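Engineer: Take a look at the following structure, please.
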């Protein structure tokens, strides 16, 4: 795996280089320098020039190096784009952005689509034009999209034509929406016709913001994490290069949306960095995923433990045995699951933990470095420790808060929660771990109220807010409960308004209501009715006691 950055690694200067951004919103809203984490930039593989455009490095450089005819993007229907195809299309889209839509460096452009080649072309075009990509989950509802647009000050959106309605319902002031992939005259796929396949790339600064990635906090209001051009490449030049170790002939695939940095890294950044190809799947069950892996001779897969378990359970273990690499992240990988998959397939799952704030995986292990049940050791370029309640490093063998430093780090866009995530120069992830005497990290639990279900991060208060919008709900509390298939599932305890009776139909009504207001994967799969909720003397909800409530209530489907 290589060697992690030394503890004495120097702190990077907080003095930023000359920005190429005309619209300076992102740089103007970086956290104050004294709230930044300590950045470790002396690792040899993260030495970058002052002027850097990550899309150029990931796409143009492959073509310049002779990879223009290499397969780049695949679709389940048999569509295949070469690197030359993607470069030409991305350049044409960039011309539309700049020449027709007036995009200038630093503008934020919202991207809304399932995983497909056009989404990648749009992402590359935005970055090549010096703008900032705001890639969102296609399942987000109008309220969520309105919040994202408000925080990021978005005025332009490129949206798959099948996902227009929720964005239109968000009613974002002055937002220009361009559909993609449809038959409308203003559709992007029509507007690029006749445009030049060459484009003068904007040579941004290495420390210009390239993307805003949103994460849910335990308060429910999302936070925008700000990542530089150099950060994007650093994820490929640390975890991917030293742990994953991809090859140009690899075929990648996976289920995480590109709106997740886990998906963006695993399905775009990592394969492109070595000139490999990636099969983009809009939606697939575990069985369908296994069939696509077999059909397209996939060699590298990124998905959550639940999907690997389901593929083996459905009799598709023989397909997994053909993978060269398989990465499990998004939720804890139990030792029993790792061993069951290994015994069935011979596949040694690569476990890892990352965060949107850090952009990708910073602790992990592969091959003979794997210790089943352990998340692994710090990825080369990163260091990690366990902090006690006083913020001091804890001795090996003691449980505490995971804290990390490396070439990437948390920078929230104008958000006071910066001082919660960054403490004493460390990125404090919100996870409870134990480090053993050999430097391996063992997951214990989340330190906050975040629910991790099937690889998705779900903030309980956001689900509570959605439930409380229904007039049948007087009060509610939401927690995560253990689930064998998903790791955790969302469970809601609801106190009904006077005159409303508890029933299975009422539970289903409330579940459907939540699905209509926020992304459907966040809805409470379990819903119990209660006469009252446990609270402190000051009225604060005691979520830890919700699990002890009597089970005499009704559970929804």
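Engineer: Kindly indicate whether any position in region 442-449 is modelled with pLDDT under 95 and touching a helix residue (DSSP H, G or I) at 6+ places or on another chain (Cβ under 8 Å).
Structural biologist: Yes.
For (1) touching a helix residue (DSSP H, G or I) at 6+ places or on another chain (Cβ under 7 Å); (2) in contact (Cβ under 8 Å) with a residue 12 or more places away in the chain, each residue gets a yes or a no:
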site	(1), (2)
384	no, yes
389	no, no
400	no, yes
405	no, yes
409	no, yes
412	yes, yes
417	no, yes
421	no, yes
427	yes, yes
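Engineer: Does residue 53 fit the bill of being within 29 Å of residue 149 (Cβ to Cβ) and either under 25 Å from the mean Cα position of the chain (by Cα) or surrounded by fewer than 23 Cβ atoms within 10 Å (Cβ to Cβ) (or both)?
Structural biologist: Numbers: within 29 Å of residue 149 (Cβ to Cβ): yes; either under 25 Å from the mean Cα position of the chain (by Cα) or surrounded by fewer than 23 Cβ atoms within 10 Å (Cβ to Cβ) (or both): yes.
Against the criterion (within 29 Å of residue 149 (Cβ to Cβ) and either under 25 Å from the mean Cα position of the chain (by Cα) or surrounded by fewer than 23 Cβ atoms within 10 Å (Cβ to Cβ) (or both)), residue 53 qualifies.
Engineer: Which residue is modelled with the highest pLDDT, if the candidates are limited to region 501-525 and must be touching a strand residue (DSSP E or B) at 6+ places or on another chain (Cβ under 6 Å) and either under 13 Å from residue 460 (Cβ atoms) or not assigned by TED's automatic domain parsing to the domain that holds residue 484 (or both)?
Structural biologist: 524
Engineer: Something else now. For region 526-537, which residues satisfy the criterion of being over 14 Å from residue 460 (Cα atoms) and in contact with a strand residue (DSSP E or B) (Cβ under 9 Å, 6 or more places away or on another chain)?
Structural biologist: In the first step, residues of region 526-537 are kept if they are over 14 Å from residue 460 (Cα atoms); the result is 528-537.
Answer for region 526-537, where residues must be over 14 Å from residue 460 (Cα atoms) and in contact with a strand residue (DSSP E or B) (Cβ under 9 Å, 6 or more places away or on another chain): 528, 529, 530, 531, 532, 533, 534, 535.
Engineer: Kindly list the number of the only condition in (1) under 21 Å from residue 429 (Cα atoms); (2) out of contact with any helix residue (DSSP H, G or I) (no Cβ under 6 Å at 6 or more places or on another chain); (3) modelled with pLDDT of 95 or more that fails for residue 215.
Structural biologist: Unmet condition: (3).
Engineer: Exactly one of these conditions fails for residue 162: (1) within 14 Å of residue 118 (Cβ to Cβ); (2) touching a helix residue (DSSP H, G or I) at 6+ places or on another chain (Cβ under 9 Å). Give me its number.
Structural biologist: Against the list (1) within 14 Å of residue 118 (Cβ to Cβ); (2) touching a helix residue (DSSP H, G or I) at 6+ places or on another chain (Cβ under 9 Å), residue 162 comes up short only on (2).
Engineer: Going by the conditions given, is residue 64 assigned by TED's automatic domain parsing to the domain that holds residue 192 and in contact with a helix residue (DSSP H, G or I) (Cβ under 8 Å, 6 or more places away or on another chain)? Step through it out loud before you land on a result.
Structural biologist: Working: assigned by TED's automatic domain parsing to the domain that holds residue 192: yes; in contact with a helix residue (DSSP H, G or I) (Cβ under 8 Å, 6 or more places away or on another chain): no.
No.
Engineer: Now, a different point. What residue, of 448, 471, is in a loop (DSSP other than H, G, I, E, B), out of contact with any strand residue (DSSP E or B) (no Cβ under 8 Å at 6 or more places or on another chain) and closer than 29 Å to residue 143 by Cβ? Write out each step before concluding.
Structural biologist: Numbers: 448 fails: out of contact with any strand residue (DSSP E or B) (no Cβ under 8 Å at 6 or more places or on another chain).
It is 471.
Engineer: Would you mention how many residues in region 475-528 are over 29 Å from residue 304 (Cα atoms) and assigned to a loop (DSSP other than H, G, I, E, B)?
Structural biologist: Number of matching residues: 7.
Engineer: Could you check, for region 194-204, whether at least one of its residues is in contact with a strand residue (DSSP E or B) (Cβ under 9 Å, 6 or more places away or on another chain), in contact (Cβ under 8 Å) with a residue 12 or more places away in the chain and surrounded by fewer than 24 Cβ atoms within 10 Å (Cβ to Cβ)? Before you say what the answer is, go through the steps one by one.
Structural biologist: At the first step, the residues of region 194-204 found to be in contact with a strand residue (DSSP E or B) (Cβ under 9 Å, 6 or more places away or on another chain) are 203-204.
Narrowing the set further to residues that are in contact (Cβ under 8 Å) with a residue 12 or more places away in the chain leaves 203-204.
Then keep just the ones that are surrounded by fewer than 24 Cβ atoms within 10 Å (Cβ to Cβ); that gives 203.
There is at least one residue in region 194-204 that is in contact with a strand residue (DSSP E or B) (Cβ under 9 Å, 6 or more places away or on another chain), in contact (Cβ under 8 Å) with a residue 12 or more places away in the chain and surrounded by fewer than 24 Cβ atoms within 10 Å (Cβ to Cβ).
Engineer: Follow-up question, since we're still on this one. Within region 465-474, is there a residue that is within 30 Å of residue 385 (Cα to Cα) and in contact with a helix residue (DSSP H, G or I) (Cβ under 8 Å, 6 or more places away or on another chain)? Let's see the steps before the verdict.
Structural biologist: Here is the first cut: in region 465-474, the ones within 30 Å of residue 385 (Cα to Cα) are none.
Among the residues of region 465-474, not one is within 30 Å of residue 385 (Cα to Cα) and in contact with a helix residue (DSSP H, G or I) (Cβ under 8 Å, 6 or more places away or on another chain), which makes the answer no.
Engineer: To continue, here is another question. For the condition closer than 23 Å to residue 259 by Cα and buried (at least 21 other Cβ atoms within 10 Å of the Cβ), what is the one hit in 400, 330, 381?
Structural biologist: Values: 400 fails: closer than 23 Å to residue 259 by Cα; 381 fails: closer than 23 Å to residue 259 by Cα.
Checking each option against the conditions leaves just 330.
Engineer: Is it the case, given these coordinates, that residue 120 is touching a residue at least 24 places away in the same chain (Cβ under 8 Å), under 19 Å from residue 203 (Cβ atoms), touching a strand residue (DSSP E or B) at 6+ places or on another chain (Cβ under 7 Å) and crowded, with 24+ Cβ neighbours inside 10 Å? Show your work before the answer.
Structural biologist: Details: touching a residue at least 24 places away in the same chain (Cβ under 8 Å): yes; under 19 Å from residue 203 (Cβ atoms): no; touching a strand residue (DSSP E or B) at 6+ places or on another chain (Cβ under 7 Å): yes; crowded, with 24+ Cβ neighbours inside 10 Å: yes.
Against the criterion (touching a residue at least 24 places away in the same chain (Cβ under 8 Å), under 19 Å from residue 203 (Cβ atoms), touching a strand residue (DSSP E or B) at 6+ places or on another chain (Cβ under 7 Å) and crowded, with 24+ Cβ neighbours inside 10 Å), residue 120 does not qualify.
Engineer: Please find, among 341, 281, 293, 269, the residue that is in contact with a strand residue (DSSP E or B) (Cβ under 8 Å, 6 or more places away or on another chain) and in a helix (DSSP H, G or I).
Structural biologist: Details: 341 fails: in contact with a strand residue (DSSP E or B) (Cβ under 8 Å, 6 or more places away or on another chain); 281 fails: in a helix (DSSP H, G or I); 269 fails: in contact with a strand residue (DSSP E or B) (Cβ under 8 Å, 6 or more places away or on another chain).
Unique residue meeting the criteria: 293.
Engineer: Filtering region 455-481 down to residues that are under 26 Å from residue 429 (Cα atoms) and modelled with pLDDT under 85, which residue is surrounded by the most Cβ atoms within 10 Å (Cβ to Cβ)?
Structural biologist: Checking each candidate, the answer is 460.
Engineer: Can you name the number of the only condition in (1) more than 20 Å from residue 154 (Cβ to Cβ); (2) in contact with a strand residue (DSSP E or B) (Cβ under 8 Å, 6 or more places away or on another chain); (3) surrounded by fewer than 24 Cβ atoms within 10 Å (Cβ to Cβ) that residue 106 fails?
Structural biologist: Answer for residue 106: the failing condition is (1).
Engineer: Filter region 233-266 down to the residues that are in a strand (DSSP E or B) and buried (at least 23 other Cβ atoms within 10 Å of the Cβ) and list them by number. So that I can check it myself, show each step before the final result.
Structural biologist: Here is the first cut: in region 233-266, the ones in a strand (DSSP E or B) are 251-254.
The answer is 252, 253, 254.
Engineer: Sticking with this structure for a sec: All but one of (1) without any contact (Cβ under 8 Å) to a residue 60 or more places away in the chain; (2) in contact with a helix residue (DSSP H, G or I) (Cβ under 8 Å, 6 or more places away or on another chain) hold for residue 335; which doesn't?
Structural biologist: It is condition (2) that residue 335 fails.
Engineer: Would you point out the residue of region 209-232, among those that are under 16 Å from the mean Cα position of the chain (by Cα) and part of a helix (DSSP H, G or I), that is nearest to residue 311 (Cα to Cα)?
Structural biologist: Only one residue tops the list, namely 232.
Engineer: Moving on. Return the residues of region 15-33 that are farther than 26 Å from residue 150 by Cα and out of contact with any strand residue (DSSP E or B) (no Cβ under 9 Å at 6 or more places or on another chain); say none if nothing qualifies.
Structural biologist: If the condition is that a residue be farther than 26 Å from residue 150 by Cα and out of contact with any strand residue (DSSP E or B) (no Cβ under 9 Å at 6 or more places or on another chain), then 15 is the only one that fits.
Engineer: Related question: Does at least one position in region 61-82 carry a residue that is more than 29 Å from residue 164 (Cα to Cα), touching a strand residue (DSSP E or B) at 6+ places or on another chain (Cβ under 9 Å) and surrounded by 22 or more Cβ atoms within 10 Å (Cβ to Cβ)?
Structural biologist: yes
Engineer: Which condition number in (1) at pLDDT below 95; (2) farther than 18 Å from residue 235 by Cβ; (3) surrounded by 13 or more Cβ atoms within 10 Å (Cβ to Cβ) is the one that residue 30 fails?
Structural biologist: Of (1) at pLDDT below 95; (2) farther than 18 Å from residue 235 by Cβ; (3) surrounded by 13 or more Cβ atoms within 10 Å (Cβ to Cβ), only one is false for residue 30: (1).
The values are calculated or read from the model by the stated rules, or taken from the named source; none is laboratory data. No experiment lies behind these values; they were computed from the predicted model shown. A quick note on method: Cβ atoms are made from the backbone with ideal geometry, for glycine too, and the neighbour counts reach across all protein chains shown.
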